[in-house]
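This report concerns only the one structure given below.
Taken together, the values in this text are just the output of simple stated rules run on the coordinates, not laboratory data. Computed from a predicted structure; not experimentally measured. All Cβ positions, even for glycine, are placed from backbone atoms using ideal geometry, and neighbour counts span all protein chains on display.
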Amino acid sequence: MDKNQDGQISPTELQEALAQRTGNTDNGLLNMMFKSLDANNDGMVSMDELASLAI
Ligand SMILES: [Ca+2]
Ligand SMILES: [Ca+2]
């Protein structure tokens with residue numbers, strides 16, 4: 001999922017991963033998912049944050 005391998009998932013990376021897996025590109029859903037993943041609200045989802053949800 002981490003395309004540029006910086007150890008963080010950006011909203012764009014999450015969107016691409018979501019589109020690839022589900023074909024869903026709905027922005028509302030994406031924002032909701034991203035917010036729930038981004039526990040510390042820094043605008044990026046770290047591997048720790050991702051692991052805590054275990055997608
Ligand atoms: Ca990244
Ligand atoms: Ca974060």
Any idea what angle helix 11-22 forms with the longest principal axis of the chain, computed on alpha-carbon atoms, 0 to 90 degrees, nearest 10? 50
Highest mean first, how do 25-35, 9-19 rank when packing is the count of other Cβ atoms within 10 Å averaged over residues? 9-19, 25-35
Summed over the other residues with a beta carbon less than 10 angstrom from that of Ala17, with K and R at +1 and D and E at -1, the charge totals -1
Extension gain from Asp26 to Asn40, taking 0.36 nm per residue of separation minus the Cα-Cα distance: 2.7 nm
In deg cm²/dmol, rounded to the nearest 500, the helical mean residue ellipticity at 222 nm of the chain, built from -39500 (n - 2.57) for every DSSP H run of length 4 or more, is -16000 deg cm²/dmol
PRE zone check, label point 7 Å out along Cα-to-Cβ of Met47, amide N under 14 Å, scope segment 1-38, hits 1-9
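For the chain, what is the convex hull (Cα atoms) projected area averaged across all directions, in square nanometres? Mind showing how you got there, number by number?
Working: hull surface 13.6 nm².
If I average the Cα hull's projected area over directions, I get 3.4 nm².
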Amide H contacts under 5 Å for Ser46, placed H, 5+ residues apart: Ile9
